[in-house]
Amino acid sequence: MTDIRKTQQFRLLPSVDELLRAEDMQALVAREGHAATAEAAREFLDQLRVEIGAGRLDEIGLQAAVETAGSDIELRLSESMAYSLRPVINATGVILHTNLGRAPLSRVALERVAEVAQGYSNLELDLATGERGKRDVHVDRLFAKVFAEIGRKVATIVVNNNAAAVLLTLNALAEGGEVIVSRGELVEIGGSFRIPDVMAKSGAVLREVGTTNRTRIADYEQAISERTKLLLRVHRSNFAITGFTEQPSLEELTALGRKRGVPVMEDLGSGDIFDLPSVGVRGEPTIAASLRAGVDVVTYSGDKLLGGPQAGLISSSPELVAKIRGNALFRALRVDKMFYAALEATLLAYLREDYDSIPALRMLRLTEATINERAEHLMRKLHISNPGLEVEVLASRSVIGGGSAPGATLPTRALAVSSPELSADAIAQRLREWATPIIARVEDGRVLLDLRTVSPEQDAAIAEALEGL
(Lines give C-alpha, C1' and ligand atoms only; values in the text may rest on other atoms or scores of the structure.)
Protein backbone atom coordinates (compact mmCIF):
# COMPACT_ATOMS: atom_id res chain seq x y z
CA MET A 1 0.00 0.00 0.00
CA THR A 2 1.41 3.41 -0.99
CA ASP A 3 1.90 6.19 1.54
CA ILE A 4 -0.70 8.29 -0.34
CA ARG A 5 -3.36 5.59 0.03
CA LYS A 6 -2.50 5.20 3.71
CA THR A 7 -2.83 8.95 4.20
CA GLN A 8 -6.25 8.87 2.50
CA GLN A 9 -7.36 6.05 4.79
CA PHE A 10 -6.17 7.87 7.89
CA ARG A 11 -8.32 10.83 6.82
CA LEU A 12 -11.36 8.56 6.58
CA LEU A 13 -11.12 7.68 10.23
CA PRO A 14 -13.85 9.30 12.32
CA SER A 15 -13.02 11.24 15.47
CA VAL A 16 -13.88 9.95 18.94
CA ASP A 17 -16.64 12.56 19.18
CA GLU A 18 -18.13 11.43 15.86
CA LEU A 19 -18.21 7.84 17.06
CA LEU A 20 -19.84 8.78 20.35
CA ARG A 21 -22.62 10.74 18.66
CA ALA A 22 -23.98 7.56 17.05
CA GLU A 23 -27.24 6.36 18.56
CA ASP A 24 -25.88 2.99 19.73
CA MET A 25 -22.88 4.77 21.26
CA GLN A 26 -25.16 7.09 23.21
CA ALA A 27 -26.76 4.06 24.81
CA LEU A 28 -23.32 2.76 25.78
CA VAL A 29 -22.36 6.15 27.24
CA ALA A 30 -25.53 6.18 29.32
CA ARG A 31 -24.83 2.68 30.64
CA GLU A 32 -21.05 2.67 31.09
CA GLY A 33 -20.19 6.34 31.44
CA HIS A 34 -18.63 8.84 29.01
CA ALA A 35 -15.00 8.44 30.10
CA ALA A 36 -14.92 4.65 29.81
CA THR A 37 -16.76 4.63 26.46
CA ALA A 38 -14.49 7.32 25.04
CA GLU A 39 -11.42 5.36 26.11
CA ALA A 40 -12.75 2.23 24.36
CA ALA A 41 -13.43 4.31 21.24
CA ARG A 42 -9.86 5.64 21.28
CA GLU A 43 -8.53 2.08 21.59
CA PHE A 44 -10.67 1.06 18.60
CA LEU A 45 -9.32 3.91 16.48
CA ASP A 46 -5.74 3.23 17.59
CA GLN A 47 -6.13 -0.37 16.44
CA LEU A 48 -7.40 0.77 13.03
CA ARG A 49 -4.37 3.09 12.71
CA VAL A 50 -2.06 0.15 13.40
CA GLU A 51 -3.86 -1.96 10.78
CA ILE A 52 -3.67 0.84 8.20
CA GLY A 53 0.00 1.50 8.95
CA ALA A 54 0.83 -2.17 8.49
CA GLY A 55 -1.01 -2.28 5.18
CA ARG A 56 -3.48 -4.87 6.40
CA LEU A 57 -6.63 -2.82 5.75
CA ASP A 58 -8.01 -1.50 2.45
CA GLU A 59 -10.75 1.12 2.07
CA ILE A 60 -13.54 -1.46 1.90
CA GLY A 61 -12.27 -3.16 5.06
CA LEU A 62 -11.91 0.18 6.79
CA GLN A 63 -15.46 1.20 5.92
CA ALA A 64 -16.79 -2.14 7.21
CA ALA A 65 -14.83 -1.73 10.45
CA VAL A 66 -16.19 1.78 11.02
CA GLU A 67 -19.75 0.66 10.31
CA THR A 68 -19.48 -2.04 12.99
CA ALA A 69 -17.59 0.17 15.42
CA GLY A 70 -20.39 -0.04 17.96
CA SER A 71 -20.08 -3.78 18.51
CA ASP A 72 -16.28 -3.62 18.71
CA ILE A 73 -16.35 -0.79 21.24
CA GLU A 74 -19.05 -2.54 23.27
CA LEU A 75 -16.90 -5.70 23.42
CA ARG A 76 -13.88 -3.67 24.53
CA LEU A 77 -15.99 -2.02 27.21
CA SER A 78 -17.33 -5.34 28.39
CA GLU A 79 -13.81 -6.70 28.81
CA SER A 80 -12.37 -3.58 30.45
CA MET A 81 -15.29 -3.04 32.84
CA ALA A 82 -15.61 -6.66 33.94
CA TYR A 83 -14.59 -7.66 37.45
CA SER A 84 -10.99 -8.82 37.68
CA LEU A 85 -11.41 -10.49 41.07
CA ARG A 86 -13.65 -13.49 40.40
CA PRO A 87 -14.92 -16.55 42.27
CA VAL A 88 -13.24 -19.79 41.24
CA ILE A 89 -13.79 -23.46 42.01
CA ASN A 90 -10.84 -24.88 43.91
CA ALA A 91 -10.35 -28.49 42.79
CA THR A 92 -6.66 -28.61 43.76
CA GLY A 93 -7.18 -30.32 47.11
CA VAL A 94 -5.23 -27.54 48.85
CA ILE A 95 -7.59 -26.36 51.57
CA LEU A 96 -5.88 -23.06 52.44
CA HIS A 97 -4.67 -22.12 48.95
CA THR A 98 -2.90 -18.76 49.24
CA ASN A 99 -3.29 -17.96 45.54
CA LEU A 100 -7.03 -18.67 45.78
CA GLY A 101 -7.71 -16.53 48.86
CA ARG A 102 -7.06 -19.07 51.62
CA ALA A 103 -10.02 -19.85 53.89
CA PRO A 104 -13.50 -19.35 52.40
CA LEU A 105 -15.90 -17.58 54.75
CA SER A 106 -18.93 -19.29 56.21
CA ARG A 107 -22.43 -18.43 55.07
CA VAL A 108 -23.20 -16.87 58.45
CA ALA A 109 -20.01 -14.78 58.31
CA LEU A 110 -20.97 -13.49 54.86
CA GLU A 111 -24.46 -12.63 56.06
CA ARG A 112 -23.01 -10.77 59.04
CA VAL A 113 -20.63 -8.83 56.77
CA ALA A 114 -23.51 -7.78 54.50
CA GLU A 115 -25.71 -6.87 57.46
CA VAL A 116 -23.04 -4.73 59.14
CA ALA A 117 -21.54 -3.18 56.00
CA GLN A 118 -24.74 -2.01 54.29
CA GLY A 119 -25.46 0.58 56.96
CA TYR A 120 -24.12 2.04 60.17
CA SER A 121 -22.97 -0.03 63.15
CA ASN A 122 -21.74 0.38 66.70
CA LEU A 123 -18.14 -0.29 65.64
CA GLU A 124 -16.70 2.21 68.12
CA LEU A 125 -19.77 3.21 70.11
CA ASP A 126 -20.59 1.93 73.59
CA LEU A 127 -24.36 1.51 73.36
CA ALA A 128 -24.72 1.37 77.16
CA THR A 129 -23.08 4.76 77.81
CA GLY A 130 -23.42 6.47 74.44
CA GLU A 131 -19.69 7.22 74.61
CA ARG A 132 -16.94 6.30 72.19
CA GLY A 133 -15.88 2.67 72.60
CA LYS A 134 -13.18 0.37 71.23
CA ARG A 135 -13.67 -1.84 68.19
CA ASP A 136 -11.73 -4.68 69.81
CA VAL A 137 -14.53 -5.50 72.26
CA HIS A 138 -16.61 -7.22 69.57
CA VAL A 139 -14.18 -10.15 69.32
CA ASP A 140 -12.05 -9.79 72.46
CA ARG A 141 -14.97 -11.07 74.56
CA LEU A 142 -15.28 -14.14 72.32
CA PHE A 143 -11.56 -14.92 72.33
CA ALA A 144 -11.70 -14.70 76.13
CA LYS A 145 -14.38 -17.44 76.08
CA VAL A 146 -12.36 -19.56 73.63
CA PHE A 147 -9.32 -19.40 75.94
CA ALA A 148 -11.28 -19.51 79.20
CA GLU A 149 -9.88 -22.88 80.27
CA ILE A 150 -6.18 -22.03 80.18
CA GLY A 151 -6.19 -20.53 83.68
CA ARG A 152 -5.14 -16.93 82.93
CA LYS A 153 -6.74 -13.78 81.60
CA VAL A 154 -6.21 -13.32 77.87
CA ALA A 155 -6.95 -10.24 75.77
CA THR A 156 -6.86 -10.17 71.96
CA ILE A 157 -6.56 -7.39 69.38
CA VAL A 158 -6.84 -7.53 65.60
CA VAL A 159 -4.69 -6.09 62.79
CA ASN A 160 -4.74 -6.74 59.06
CA ASN A 161 -2.51 -9.85 58.86
CA ASN A 162 -0.03 -11.88 60.89
CA ALA A 163 3.03 -10.11 59.49
CA ALA A 164 1.48 -6.88 60.78
CA ALA A 165 0.83 -8.53 64.15
CA VAL A 166 4.49 -9.52 64.41
CA LEU A 167 5.69 -6.08 63.28
CA LEU A 168 3.44 -4.25 65.73
CA THR A 169 4.29 -6.49 68.70
CA LEU A 170 8.05 -6.27 68.11
CA ASN A 171 7.86 -2.50 67.71
CA ALA A 172 5.74 -2.06 70.83
CA LEU A 173 7.75 -4.36 73.08
CA ALA A 174 11.30 -4.40 71.71
CA GLU A 175 12.07 -1.26 69.68
CA GLY A 176 15.72 -0.33 70.22
CA GLY A 177 16.41 -3.56 72.10
CA GLU A 178 17.44 -7.09 71.21
CA VAL A 179 15.16 -9.98 70.36
CA ILE A 180 16.69 -13.43 70.75
CA VAL A 181 15.63 -16.05 68.20
CA SER A 182 16.99 -19.39 67.06
CA ARG A 183 18.75 -19.50 63.68
CA GLY A 184 16.53 -22.43 62.78
CA GLU A 185 13.45 -20.20 63.05
CA LEU A 186 14.48 -17.32 60.78
CA VAL A 187 11.80 -18.28 58.31
CA GLU A 188 10.67 -16.76 55.04
CA ILE A 189 6.91 -16.54 54.60
CA GLY A 190 4.96 -16.05 51.36
CA GLY A 191 5.91 -13.23 49.03
CA SER A 192 9.59 -13.28 50.12
CA PHE A 193 8.88 -11.67 53.49
CA ARG A 194 11.50 -12.78 55.98
CA ILE A 195 11.44 -12.64 59.79
CA PRO A 196 14.77 -10.74 59.93
CA ASP A 197 13.36 -8.12 57.54
CA VAL A 198 10.16 -7.70 59.57
CA MET A 199 12.25 -7.40 62.72
CA ALA A 200 14.48 -4.75 61.16
CA LYS A 201 11.43 -2.70 60.16
CA SER A 202 10.13 -2.95 63.73
CA GLY A 203 13.21 -1.23 65.11
CA ALA A 204 14.25 -4.30 67.13
CA VAL A 205 17.71 -5.83 66.85
CA LEU A 206 17.97 -9.49 65.89
CA ARG A 207 20.17 -11.66 68.10
CA GLU A 208 20.59 -15.11 66.58
CA VAL A 209 21.41 -18.11 68.76
CA GLY A 210 22.09 -21.79 68.16
CA THR A 211 22.42 -23.39 64.74
CA THR A 212 20.01 -24.17 61.94
CA ASN A 213 19.15 -27.62 63.30
CA ARG A 214 20.05 -27.46 67.01
CA THR A 215 19.37 -24.76 69.57
CA ARG A 216 19.52 -25.37 73.32
CA ILE A 217 18.00 -23.44 76.20
CA ALA A 218 21.56 -22.57 77.27
CA ASP A 219 22.02 -20.69 73.98
CA TYR A 220 19.15 -18.38 74.89
CA GLU A 221 20.35 -17.91 78.45
CA GLN A 222 23.90 -17.05 77.45
CA ALA A 223 22.63 -14.44 74.96
CA ILE A 224 20.43 -12.55 77.44
CA SER A 225 21.81 -9.13 78.41
CA GLU A 226 20.53 -5.81 79.68
CA ARG A 227 19.54 -5.02 76.07
CA THR A 228 17.29 -8.09 75.71
CA LYS A 229 13.61 -7.16 75.36
CA LEU A 230 12.06 -10.41 74.05
CA LEU A 231 12.67 -14.10 73.55
CA LEU A 232 11.03 -15.02 70.24
CA ARG A 233 9.84 -18.45 69.13
CA VAL A 234 8.79 -18.69 65.46
CA HIS A 235 6.73 -21.72 64.47
CA ARG A 236 8.13 -23.30 61.31
CA SER A 237 4.68 -23.49 59.79
CA ASN A 238 5.69 -23.88 56.15
CA PHE A 239 8.61 -26.32 56.43
CA ALA A 240 10.01 -28.95 58.77
CA ILE A 241 13.51 -29.78 60.00
CA THR A 242 14.05 -33.47 60.72
CA GLY A 243 16.95 -35.65 61.72
CA PHE A 244 19.68 -34.43 64.10
CA THR A 245 17.68 -31.61 65.71
CA GLU A 246 17.12 -30.03 69.09
CA GLN A 247 14.81 -27.29 70.30
CA PRO A 248 13.90 -26.28 73.86
CA SER A 249 10.30 -26.79 74.87
CA LEU A 250 7.99 -23.85 75.34
CA GLU A 251 7.91 -24.59 79.06
CA GLU A 252 11.71 -24.32 79.22
CA LEU A 253 11.69 -21.07 77.26
CA THR A 254 8.95 -19.46 79.35
CA ALA A 255 10.63 -20.59 82.59
CA LEU A 256 13.83 -18.89 81.43
CA GLY A 257 11.86 -15.77 80.53
CA ARG A 258 10.31 -15.61 84.00
CA LYS A 259 13.67 -16.24 85.65
CA ARG A 260 15.38 -13.42 83.76
CA GLY A 261 12.39 -11.08 83.54
CA VAL A 262 12.15 -11.22 79.73
CA PRO A 263 8.76 -11.74 77.99
CA VAL A 264 8.42 -14.67 75.58
CA MET A 265 6.67 -14.10 72.25
CA GLU A 266 5.59 -16.84 69.86
CA ASP A 267 4.68 -16.30 66.21
CA LEU A 268 2.43 -19.26 65.52
CA GLY A 269 1.51 -18.16 62.00
CA SER A 270 -1.43 -20.41 61.16
CA GLY A 271 -3.30 -20.13 64.47
CA ASP A 272 -5.02 -23.41 65.36
CA ILE A 273 -7.85 -23.60 67.92
CA PHE A 274 -9.40 -26.74 66.40
CA ASP A 275 -8.59 -30.32 67.41
CA LEU A 276 -6.50 -31.24 64.36
CA PRO A 277 -5.46 -34.68 65.70
CA SER A 278 -9.15 -35.66 65.42
CA VAL A 279 -8.76 -35.51 61.63
CA GLY A 280 -5.34 -37.16 61.60
CA VAL A 281 -3.15 -34.03 61.51
CA ARG A 282 -0.53 -33.98 64.25
CA GLY A 283 2.33 -31.73 65.26
CA GLU A 284 0.59 -28.38 64.71
CA PRO A 285 0.64 -26.35 67.97
CA THR A 286 -2.52 -24.72 69.25
CA ILE A 287 -2.86 -21.17 70.52
CA ALA A 288 -4.29 -22.41 73.81
CA ALA A 289 -1.35 -24.76 74.37
CA SER A 290 1.12 -21.92 73.86
CA LEU A 291 -0.71 -19.66 76.29
CA ARG A 292 -1.06 -22.51 78.77
CA ALA A 293 2.71 -23.09 78.56
CA GLY A 294 3.23 -19.52 79.73
CA VAL A 295 4.00 -17.71 76.47
CA ASP A 296 3.43 -14.01 77.11
CA VAL A 297 2.36 -12.96 73.58
CA VAL A 298 1.07 -15.14 70.72
CA THR A 299 0.54 -13.88 67.16
CA TYR A 300 -1.38 -15.80 64.49
CA SER A 301 -3.55 -15.53 61.37
CA GLY A 302 -7.31 -15.34 60.99
CA ASP A 303 -7.60 -16.77 57.48
CA LYS A 304 -5.63 -19.97 57.89
CA LEU A 305 -6.52 -22.74 60.34
CA LEU A 306 -8.88 -20.40 62.18
CA GLY A 307 -11.02 -20.41 59.03
CA GLY A 308 -12.03 -16.74 59.18
CA PRO A 309 -11.15 -13.51 57.34
CA GLN A 310 -7.61 -12.29 56.72
CA ALA A 311 -6.41 -10.87 60.01
CA GLY A 312 -3.44 -10.76 62.34
CA LEU A 313 -4.34 -11.65 65.92
CA ILE A 314 -2.39 -10.81 69.05
CA SER A 315 -3.33 -12.64 72.25
CA SER A 316 -1.63 -11.78 75.52
CA SER A 317 -2.25 -10.51 79.04
CA PRO A 318 -4.53 -7.46 79.25
CA GLU A 319 -1.53 -5.37 80.38
CA LEU A 320 0.70 -6.27 77.41
CA VAL A 321 -2.19 -5.98 74.96
CA ALA A 322 -2.88 -2.47 76.29
CA LYS A 323 0.76 -1.56 75.68
CA ILE A 324 0.68 -2.99 72.15
CA ARG A 325 -2.64 -1.33 71.38
CA GLY A 326 -1.25 2.02 72.52
CA ASN A 327 1.47 1.87 69.87
CA ALA A 328 1.01 4.41 67.06
CA LEU A 329 1.29 1.62 64.45
CA PHE A 330 -1.90 -0.01 65.69
CA ARG A 331 -4.13 2.58 64.04
CA ALA A 332 -2.30 2.14 60.72
CA LEU A 333 -2.71 -1.63 60.85
CA ARG A 334 -6.21 -2.06 62.27
CA VAL A 335 -9.10 -3.65 60.36
CA ASP A 336 -12.57 -2.38 59.52
CA LYS A 337 -16.12 -3.37 60.47
CA MET A 338 -16.40 -6.11 57.83
CA PHE A 339 -13.46 -8.03 59.25
CA TYR A 340 -14.85 -7.77 62.78
CA ALA A 341 -18.26 -9.00 61.59
CA ALA A 342 -16.76 -12.04 59.83
CA LEU A 343 -14.42 -12.83 62.70
CA GLU A 344 -17.21 -12.52 65.27
CA ALA A 345 -19.39 -14.98 63.33
CA THR A 346 -16.48 -17.42 62.97
CA LEU A 347 -15.68 -17.36 66.70
CA LEU A 348 -19.33 -17.89 67.61
CA ALA A 349 -19.32 -21.03 65.46
CA TYR A 350 -16.34 -22.33 67.46
CA LEU A 351 -18.07 -21.60 70.76
CA ARG A 352 -21.17 -23.48 69.54
CA GLU A 353 -18.91 -26.31 68.28
CA ASP A 354 -20.55 -25.89 64.88
CA TYR A 355 -17.36 -26.80 63.05
CA ASP A 356 -18.97 -27.87 59.79
CA SER A 357 -20.33 -24.36 59.29
CA ILE A 358 -16.72 -23.15 58.88
CA PRO A 359 -15.73 -24.22 55.33
CA ALA A 360 -12.04 -24.88 56.04
CA LEU A 361 -12.89 -27.10 59.02
CA ARG A 362 -15.64 -28.86 57.09
CA MET A 363 -13.12 -29.74 54.38
CA LEU A 364 -10.66 -31.01 56.98
CA ARG A 365 -13.37 -33.22 58.49
CA LEU A 366 -14.57 -34.76 55.20
CA THR A 367 -14.01 -38.52 55.07
CA GLU A 368 -12.39 -40.28 52.15
CA ALA A 369 -15.57 -42.35 51.73
CA THR A 370 -17.74 -39.24 51.33
CA ILE A 371 -15.39 -37.76 48.74
CA ASN A 372 -15.18 -41.08 46.90
CA GLU A 373 -18.98 -41.31 46.62
CA ARG A 374 -19.16 -37.89 44.93
CA ALA A 375 -16.20 -38.66 42.64
CA GLU A 376 -17.70 -42.01 41.55
CA HIS A 377 -21.03 -40.32 40.80
CA LEU A 378 -19.29 -37.71 38.59
CA MET A 379 -17.26 -40.41 36.84
CA ARG A 380 -20.35 -42.45 35.97
CA LYS A 381 -22.12 -39.34 34.70
CA LEU A 382 -19.17 -38.37 32.48
CA HIS A 383 -18.84 -41.87 31.05
CA ILE A 384 -22.34 -41.35 29.62
CA SER A 385 -22.25 -37.65 28.70
CA ASN A 386 -18.72 -37.54 27.27
CA PRO A 387 -17.58 -41.09 26.43
CA GLY A 388 -14.53 -39.76 24.56
CA LEU A 389 -13.10 -38.52 27.83
CA GLU A 390 -10.98 -40.89 29.91
CA VAL A 391 -12.11 -40.55 33.53
CA GLU A 392 -11.29 -42.60 36.60
CA VAL A 393 -11.19 -42.12 40.37
CA LEU A 394 -7.78 -42.33 42.03
CA ALA A 395 -6.56 -42.43 45.62
CA SER A 396 -4.73 -39.18 46.34
CA ARG A 397 -3.70 -36.84 49.17
CA SER A 398 -5.07 -33.43 50.06
CA VAL A 399 -2.90 -30.86 51.82
CA ILE A 400 -3.79 -28.13 54.28
CA GLY A 401 -1.67 -25.42 52.63
CA GLY A 402 -1.41 -21.76 53.56
CA GLY A 403 1.83 -22.36 55.44
CA SER A 404 0.09 -24.70 57.88
CA ALA A 405 1.03 -28.21 59.06
CA PRO A 406 3.93 -28.81 56.64
CA GLY A 407 4.08 -32.42 55.53
CA ALA A 408 0.59 -33.26 56.79
CA THR A 409 -1.74 -34.76 54.19
CA LEU A 410 -5.26 -36.17 54.22
CA PRO A 411 -6.41 -39.24 52.26
CA THR A 412 -8.76 -38.31 49.46
CA ARG A 413 -10.11 -39.38 46.08
CA ALA A 414 -9.48 -37.41 42.92
CA LEU A 415 -11.17 -37.44 39.54
CA ALA A 416 -8.41 -38.16 36.99
CA VAL A 417 -9.24 -36.82 33.51
CA SER A 418 -7.41 -37.21 30.21
CA SER A 419 -8.28 -37.06 26.53
CA PRO A 420 -6.78 -38.52 23.36
CA GLU A 421 -7.41 -35.18 21.66
CA LEU A 422 -6.25 -32.72 24.32
CA SER A 423 -3.16 -32.55 26.49
CA ALA A 424 -3.54 -32.29 30.25
CA ASP A 425 -2.34 -28.68 30.13
CA ALA A 426 -4.93 -27.87 27.46
CA ILE A 427 -7.71 -29.41 29.57
CA ALA A 428 -6.55 -27.46 32.63
CA GLN A 429 -6.55 -24.26 30.59
CA ARG A 430 -10.09 -24.86 29.28
CA LEU A 431 -11.27 -25.46 32.85
CA ARG A 432 -9.71 -22.13 33.89
CA GLU A 433 -11.58 -20.46 31.03
CA TRP A 434 -14.96 -21.78 32.21
CA ALA A 435 -17.65 -19.30 33.27
CA THR A 436 -16.64 -19.92 36.87
CA PRO A 437 -12.96 -20.85 36.46
CA ILE A 438 -12.11 -24.35 37.73
CA ILE A 439 -8.60 -24.69 39.14
CA ALA A 440 -7.20 -28.23 39.08
CA ARG A 441 -3.73 -29.75 39.16
CA VAL A 442 -1.82 -31.69 36.49
CA GLU A 443 0.04 -34.87 37.42
CA ASP A 444 1.48 -37.61 35.21
CA GLY A 445 -0.23 -36.33 32.08
CA ARG A 446 -3.69 -36.16 33.63
CA VAL A 447 -5.83 -33.47 35.22
CA LEU A 448 -6.71 -34.26 38.82
CA LEU A 449 -9.74 -32.74 40.50
CA ASP A 450 -9.84 -33.27 44.27
CA LEU A 451 -13.40 -32.83 45.51
CA ARG A 452 -12.35 -32.24 49.12
CA THR A 453 -12.02 -28.53 48.29
CA VAL A 454 -15.09 -28.46 46.03
CA SER A 455 -18.44 -27.82 47.67
CA PRO A 456 -21.14 -30.37 46.66
CA GLU A 457 -23.20 -27.69 44.92
CA GLN A 458 -20.23 -27.05 42.59
CA ASP A 459 -20.11 -30.66 41.34
CA ALA A 460 -22.65 -29.84 38.62
CA ALA A 461 -20.45 -27.04 37.26
CA ILE A 462 -17.46 -29.41 37.08
CA ALA A 463 -19.57 -32.01 35.26
CA GLU A 464 -20.83 -29.41 32.79
CA ALA A 465 -17.32 -28.11 32.08
CA LEU A 466 -15.92 -31.62 31.49
CA GLU A 467 -18.89 -32.57 29.33
CA GLY A 468 -18.06 -29.60 27.11
CA LEU A 469 -14.44 -30.55 26.44
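So the values come out like this:
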read-out: Hits in region 332-372 - residues which are assigned to a loop (DSSP other than H, G, I, E, B) and either over 27 Å from residue 157 (Cβ atoms) or not acidic (Asp, Glu) (or both); value: 334, 335, 352, 358, 366, 367
read-out: For residue 459: the one exception among (1) surrounded by 13 or more Cβ atoms within 10 Å (Cβ to Cβ); (2) closer than 30 Å to residue 273 by Cβ; (3) not small (Gly, Ala, Ser); value: (2)
read-out: Region 110-137: number of residues that are buried (at least 18 other Cβ atoms within 10 Å of the Cβ) and either more than 26 Å from the chain's Cα centre (by Cα) or farther than 22 Å from residue 355 by Cβ (or both); value: 3
read-out: Residue in region 342-356 that is surrounded by the fewest Cβ atoms within 10 Å (Cβ to Cβ), counting only those that are closer than 12 Å to residue 142 by Cα and under 19 Å from the mean Cα position of the chain (by Cα); value: 344
read-out: Search result, residues across region 65-90 that are part of a helix (DSSP H, G or I) and either over 30 Å from residue 465 (Cα atoms) or not acidic (Asp, Glu) (or both); value: 65, 66, 67, 69, 70, 71, 73, 75, 76, 77, 78, 80
read-out: Any hit, region 28-35, residues being under 30 Å from residue 363 (Cβ atoms) and either charged (D, E, K, R) or in contact with a Phe, Trp or Tyr (Cβ under 8 Å, 6 or more places away or on another chain) (or both); value: no
read-out: Qualifying residue in region 135-151 (condition: of a type in the set (D, E, K, R), in contact (Cβ under 8 Å) with a residue 12 or more places away in the chain and in contact with a strand residue (DSSP E or B) (Cβ under 7 Å, 6 or more places away or on another chain)); value: yes
read-out: Sole exception among (1) aliphatic (A, V, I, L, M); (2) modelled with pLDDT of 90 or more; (3) assigned to a helix (DSSP H, G or I) for residue 62, by number; value: (2)
read-out: Odd one out for residue 57, checked against (1) over 30 Å from residue 452 (Cα atoms); (2) modelled with pLDDT of 90 or more; (3) crowded, with 16+ Cβ neighbours inside 10 Å; value: (2)
read-out: Residues of region 69-87 satisfying the condition of being of a type in the set (A, V, I, L, M) and surrounded by 11 or more Cβ atoms within 10 Å (Cβ to Cβ); value: 69, 73, 75, 77, 81
read-out: Residue within region 157-176 that is touching a residue at least 24 places away in the same chain (Cβ under 8 Å), more than 24 Å from residue 347 (Cβ to Cβ) and among the charged types (D, E, K, R) present; value: yes
read-out: Matching entry among 428, 408, 424, 416 (being under 29 Å from residue 278 (Cα atoms) and either buried (at least 21 other Cβ atoms within 10 Å of the Cβ) or free of Cβ contacts under 8 Å to residues at least 24 places away in the same chain (or both)); value: 416
read-out: Some residue of region 432-443 being in contact with a Leu (Cβ under 7 Å, 6 or more places away or on another chain), surrounded by 15 or more Cβ atoms within 10 Å (Cβ to Cβ) and of a type in the set (Lys, Arg); value: yes
read-out: Strands (runs of 3 or more DSSP E) contained in region 135-215 and holding at least 3 residues within 19 Å of residue 305 (Cβ to Cβ); value: 155-159
read-out: Region 326-339, subset within 24 Å of residue 120 (Cβ to Cβ) and of a type outside the set (A, V, I, L, M, F, W, C), residue surrounded by the fewest Cβ atoms within 10 Å (Cβ to Cβ); value: 331
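This table checks each residue for (1) farther than 30 Å from residue 285 by Cα; (2) part of a strand (DSSP E or B).
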position	(1), (2)
375	yes, no
379	yes, no
382	yes, no
387	yes, no
393	yes, yes
396	no, yes
406	no, yes
415	yes, yes
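The values are calculated or read from the model by the stated rules, or taken from the named source; none is laboratory data. These figures come from a predicted structure and were not determined experimentally. Backbone-built Cβ (ideal geometry, glycine too); neighbour counts: all protein chains shown.
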